[in-house]
Each structure stands twice: as structure tokens, then as C-alpha cells.
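Below you'll find the structure, written out as C-alpha cells, and then a few comments.
Derivation of every value follows stated rules applied to the coordinates shown; laboratory data play no part. All values reported here derive from a predicted model rather than from experimental measurement. No Cβ is skipped: glycine too gets one built from the backbone with ideal geometry, and neighbour counts run over all protein chains shown.
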Amino acid sequence: MENFGGMSLVKKISVTGMGIALFVVLTLCVQVPVFENYYLCLGYIAMAVYLYSIGTVSGTIVGTVGVILYCVLTSGLRGMPGWAAGNVVIGIALGNFFKLIKGKKMNAALWLISVIVIVAATAVGILGVKSLTEHLLYAQPFLVRAAKNIYAFTADAFVLAASLPLCVFLDKRIGAVLGDSDT
């Protein structure tokens with residue numbers, strides 16, 4: 001079980017619920033077009049901050065439940081199972097990586113390694129798991145699904161990588177607000 005860092009379970013659930021809402025609001029209300037019919041999913045900012053500052057479990061729930069709610073609200077259920085499964089993989093990978101780097105001095109080498117890990121985790125989550133899930137559910141060739149998910153992978157990896165400086169900046173502030181001396 002993950003260390004709750006001094007937060008009660010009720011507080012952790014409440015804070016995670018706020019993260020889910022933030023994921024949905026950022027995804028629905030702030031749409032930045034980058035590719036034909038594809039927008040940056042700015043909800044990944046909330047997921048990244050939660051993974052970094054609150055923890056792997058909370059951040060993974062924010063990204064997974066957030067994308068499910070977004071899909072339900074926009075009637076985009078067709079891609080939802082793959083996206084949710086992909087976000088579980090991304091959340092577990094990045095949450096554990098962020099535990100390793102949290103609190104370390106971020107020099108150029110660590111920034112570069114972080115970006116590589118973020119891109120790799122997003123590739124496995126979106127190009128791998130999301131594409132495989134869609135291949136199995138909809139009987140479409142895996143390579144066709146992976147090719148269609150290139151836009152999502154590129155945009156999502158960009159948002160997650162671009163969120164890292166914000167994660168580092170907000171971490172101590174979030175800890176102070178939540179009253180968590182470990183954060």
C-alpha cells in the first residue's frame with residue numbers, strides 16, 4: 001500500500017476526487033488544436049501533478065477515471081476502454097519514476113532522462129496498450145490502431161513532458177496546502 005504521507009484516507013479520496021474533476025474540466029474546457037480533429041488533452045497536466053505530488057495511486061486514478069468521465073460526457077465511449085487502460089500503464093510507470101526523482105536537483109541530465117521516460121511510458125500506454133485494447137475490442141488490425149493513435153501519443157507525451165517543470169514547482173506548495181511534510 002502506498003504511503004499516504006500523513007493524509008487521512010478521507011482527505012486522500014477528497015483530494016483525488018478534485019483531481020479527477022480538474023482532469024475533466026481541463027480536457028473539456030481548454031482545447032488546443034494540434035492535429036486534424038485532435039486537441040491537446042490538458043487533463044494530463046492534472047494527472048502529472050498528482051502523480052508527482054500526491055502519489056502513484058492517486059495520480060493513476062485521476063488519469064484513468066478522468067478520461068472515463070470525459071468520454072462519458074462527450075459520448076466518446078468507443079475509445080474509452082483503451083484510453084483508460086493506457087492511462088493505468090502511464091500512471092504506474094510515471095508515478096514510480098517520479099518517486100525516484102522527487103526532491104532531487106533537476107540538472108540537464110535528469111530533465112533529459114525524465115523526458116525520455118515520459119515519452120516511453122506514453123508510447124507503451126497509448127501506442128501499445130490503447131492500440132492493443134482497440135485491436136481486441138474492435139477487431140481492427142493492431143498496426144492500423146497504432147497508426148491512428150500516433151496523434152494521441154504525440155500530443156499526450158508533449159503535455160506530460162511539458163508538465164514536469166510545473167510538477168517540480170508546485171510540489172512543495174501542494175505539500176504545504178495539504179499539510180503533508182513529506183510532499
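In a simple Cβ point-charge model (Lys, Arg +1; Asp, Glu -1; nothing else charged), the chain has a dipole of about 180 debye relative to its Cα centre. The alpha carbon convex hull volume per residue for region 1-86 rounds to 96 Å³.
For Cα pairs less than 8 Å apart in space and 6+ apart in sequence, what is the mean separation divided by the residue count of region 17-66, i.e. the relative contact order in percent? Result for region 17-66 is 40 percent.
Quick check: Cα centre of region 135-169 to Cα centre of region 41-68, how many Å? Centre-to-centre distance over Cα atoms comes out at 15 Å. With respect to the chain, whose longest principal axis is taken over its alpha-carbon atoms, helix 150-178 is tilted by about 20°.
Pairs of Cα atoms nearer than 8 Å and 6+ residues apart set the relative contact order; for region 9-178 it is 25 percent.
Within the shell of other residues whose beta carbon sits under 13 angstrom from the beta carbon of Phe142, the net charge comes to +2, with Lys and Arg scored +1 and Asp and Glu -1.
The phi-based Karplus calculation (6.51 cos²θ - 1.76 cosθ + 1.60; θ = phi - 60°) puts the 3J(HN,Hα) values of region 45-53 at 5, 4, 4, 4, 4, 5, 4, 6, 9 Hz, whole numbers, x for Gly and Pro.
Scanning residues 5 or more positions from Leu40 or on other chains, those with amide H under 5 Å from its amide H are Val32, Val34, with H placed 1.01 Å from N in the peptide plane. Taking the structure as given and computing percent of Cα pairs over 20 Å apart, which label from (1) 51; (2) 62; (3) 66 fits? So the calculated entry is the one marked (1). How far, in degrees from 0 to 90, does helix 80-101 lean away from the longest principal axis of the Cα atoms of the chain, to the nearest 10? It is inclined by approximately 30 degrees.
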